[in-house]
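Undergrad: Before anything else, here's the structure in question.
The values are calculated or read from the model by the stated rules, or taken from the named source; none is laboratory data. Since we're looking at a predicted model, the values are computed, not measured. As a convention, Cβ positions derive from the backbone with ideal geometry for all residues, glycine included, and neighbour counts pool all protein chains shown. The accessibility values were calculated without ligands, DNA or RNA, using every heavy atom of the protein model including side chains. Shrake-Rupley method; radii C 1.70, N 1.55, O 1.52, S 1.80 Å.
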Protein chains: 2
Amino acid sequence: MTLWALEIEYDGTPFMGWQRQKHGLTVQQVMAEAGAKLRGGGPVTQALASGRTDAGVHACAQVVQLELQNLSPFRIREGMNFHLRPHPIVVLRCCPAPEGWNARFSATSRSYRYIISNREVMPALEANRVWHVRQKLDEHAMQRAAQILVGHHDFSSFRASACQAKSPMRTLDFLSVRREGDKIFIEARARSFLHHQVRNMVGSLMRVGDGSWPESQMAEVLEAKKRAVAGLTAPAEGLYFMSVDYDPPLPLV
Amino acid sequence: MTLWALEIEYDGTPFMGWQRQKHGLTVQQVMAEAGAKLRGGGPVTQALASGRTDAGVHACAQVVQLELQNLSPFRIREGMNFHLRPHPIVVLRCCPAPEGWNARFSATSRSYRYIISNREVMPALEANRVWHVRQKLDEHAMQRAAQILVGHHDFSSFRASACQAKSPMRTLDFLSVRREGDKIFIEARARSFLHHQVRNMVGSLMRVGDGSWPESQMAEVLEAKKRAVAGLTAPAEGLYFMSVDYDPPLPLV
């Protein structure tokens, strides 16, 4: 058996998130079972992701480790994709894992995108793919408020109560807000995030965007280190896990 | 009763196309029934679209006419959207129809977009939203071949056998092919199209893109005026009805 790194895309809508659950289908379970089928039987070994995603969250390029045969990357990708059907998960690229590499602990940076559909009418074509916010948002105010969050901070105000991280300290490398027509794109990058951190930051940015908060309130919320003072948790369906970096980069093909 | 012009967006996936069928749900039926509910009962009057779409074809801004009460555009839009739930159809804008206006016959131009996902792995996030073509396509050759089709021609080679139009002559005003990453966008505009014309043109452009045909063959196919010599009909799920123009423009709000 060889440890493989698999870059995958998935539609989060039908899944109860990444992590295996007793009741309900998860991405982790479907990946592990497809791997067992590709190996032709034997025990189902665990699949490990660079980061867990919540129910409904999508991924454009999540990276997963899984033990599989010593085949060519082409045959691993095609074999996995055959066994993953009809679930909306595909292996985009793969490579044998470098010595000592771990999908989660070797990651040096993770990127997320959040998409808001900012128009009066709810989405038909993009249902389950965006957060629908009717009230016109000021993306420039959101972009300025976002810069308050960039840097090394105690992000307790943006941390889910269920978060298992030992420390609430994180370094947010990048957070940007831009509009394209009636869509607002929020991009976030950090070595790692707290549980619900991106969705909670988006919920607070929305309060600035709709005028409920002055931009300066973002600094007060960050300073308070209390979840209760921040905005709501933005819904899962607007969130996309975009990419994860490793150093050295994975030789995915 | 007032005749309304309604600009609508829909996800074509769950529908058997626009036109009412004995067996299976259509956009026309759902629109007419929502209208009847908004009127508070009475007979279901027919909804008429600027152009029919096939099963699985999407619309970003289709225009439909329907008799409804004399209410404000805001109340018409919100009322229709309430009664359209949970179907993936929404009214984006609307206005009372100008005197003598007809959704179909007053249209001066229609625009379609076709999206190809041109990568080796099938789409997970964009399933039912794109045509997946594995073989690398040459979008520049496709763009050059597309220009052969622009203009006033007999489009019999690109016409479905079921097409009910009296004449196969059409004027194609615009046809362009461009790539963005692993997606290829094909945009088409004409006063009107024959049945399956856009999908049949895309099927032939794909033959140029994958190298099966030299670019010059597009002229021979057009000249032959025989459906059998052209490429396959590209699948419905990659096609989007983008917009329809009227002269004077509709005062949609």
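Undergrad: From the list B:Asp182, B:Asp154, pick out the single residue that is out of contact with any Ser or Thr (no Cβ under 8 Å at 6 or more places or on another chain) and among the acidic types (Asp, Glu).
TA: None of the others qualify; the one that does is B:Asp154.
Undergrad: Of the residues that sit in the stretch B:1-42 and are assigned to a loop (DSSP other than H, G, I, E, B) and crowded, with 24+ Cβ neighbours inside 10 Å, which one is farthest from the other protein chains (Cβ to nearest Cβ)?
TA: Filtering the stretch B:1-42 for residues that are assigned to a loop (DSSP other than H, G, I, E, B) and crowded, with 24+ Cβ neighbours inside 10 Å, the one farthest from the other protein chains (Cβ to nearest Cβ) comes out as B:Trp18.
Undergrad: In the stretch B:200-212, which residues are assigned to a loop (DSSP other than H, G, I, E, B) and in contact (Cβ under 8 Å) with a residue 40 or more places away in the chain?
TA: Correct list: B:Asp210, B:Gly211.
Undergrad: Something else now. Do we have A:Arg20 as farther than 30 Å from A:Glu126 by Cβ and out of contact with any Phe, Trp or Tyr (no Cβ under 9 Å at 6 or more places or on another chain) here?
TA: no
Undergrad: Would you check if B:Arg199 is of a type in the set (Lys, Arg), surrounded by 18 or more Cβ atoms within 10 Å (Cβ to Cβ) and closer than 30 Å to A:Arg85 by Cβ?
TA: Yes; evaluated as a whole, the condition is true for this residue.
Undergrad: Among the numbered criteria (1) part of a loop (DSSP other than H, G, I, E, B); (2) open to solvent by 70 Å² or more (accessible area, probe 1.4 Å); (3) in contact with a strand residue (DSSP E or B) (Cβ under 8 Å, 6 or more places away or on another chain), which one does B:Leu232 miss?
TA: It is condition (3) that B:Leu232 fails.
Undergrad: Hey, can you tell me all the residues within the stretch B:154-173 that are at pLDDT 95 or above, of a type outside the set (Val, Ile, Thr), farther than 23 Å from B:Ser117 by Cβ and under 17 Å from the mean Cα position of the chain (by Cα)?
TA: Selection gives B:Arg159, B:Arg170, B:Leu172, B:Asp173.
Undergrad: Applying the selection to the stretch B:108-149, what residues are within 14 Å of chain A (Cβ to nearest Cβ) and open to solvent by 70 Å² or more (accessible area, probe 1.4 Å)?
TA: Scanning the stretch B:108-149 gives B:Glu120, B:Met122, B:Asn128, B:Arg134.
Undergrad: State all residues of the stretch B:202-226 that are buried (at least 18 other Cβ atoms within 10 Å of the Cβ), under 19 Å from B:Met169 (Cα atoms) and either out of contact with any Gly (no Cβ under 6 Å at 6 or more places or on another chain) or among the charged types (D, E, K, R) (or both); if no residue qualifies, say none.
TA: B:Val202, B:Met218, B:Val221, B:Leu222
Undergrad: Out of everything in the stretch A:83-100 that is touching a residue at least 40 places away in the same chain (Cβ under 8 Å) and not in a strand (DSSP E or B), what residue ends up being least open to solvent (accessible area, probe 1.4 Å)?
TA: Filtering the stretch A:83-100 for residues that are touching a residue at least 40 places away in the same chain (Cβ under 8 Å) and not in a strand (DSSP E or B), the one least open to solvent (accessible area, probe 1.4 Å) comes out as A:Leu84.
Undergrad: Go through the stretch B:149-195 residue by residue and tally those that are of a type in the set (Gly, Ala, Ser), part of a helix (DSSP H, G or I) and closer than 24 Å to B:Phe105 by Cβ.
TA: Looking only at that region, the number is 1.
Undergrad: A:Ala97 passes all but one of (1) within 14 Å of another protein chain (Cβ to nearest Cβ); (2) touching a Leu at 6+ places or on another chain (Cβ under 8 Å); which number fails?
TA: (1) is the only condition that A:Ala97 fails.
Undergrad: A follow-up question, please. Look through A:Glu180, A:Glu237 and report the one residue that is open to solvent by 40 Å² or more (accessible area, probe 1.4 Å), over 23 Å from A:Asp54 (Cβ atoms) and not hydrophobic (A, V, I, L, M, F, W, C).
TA: After applying the criteria, what remains is A:Glu180.
Undergrad: What residue, among those in the stretch A:54-82 that are open to solvent by 10 Å² or more (accessible area, probe 1.4 Å) and within 16 Å of the chain's Cα centre (by Cα), is nearest to A:Leu252 (Cα to Cα)?
TA: Ranking the candidates gives A:Ala61 first.
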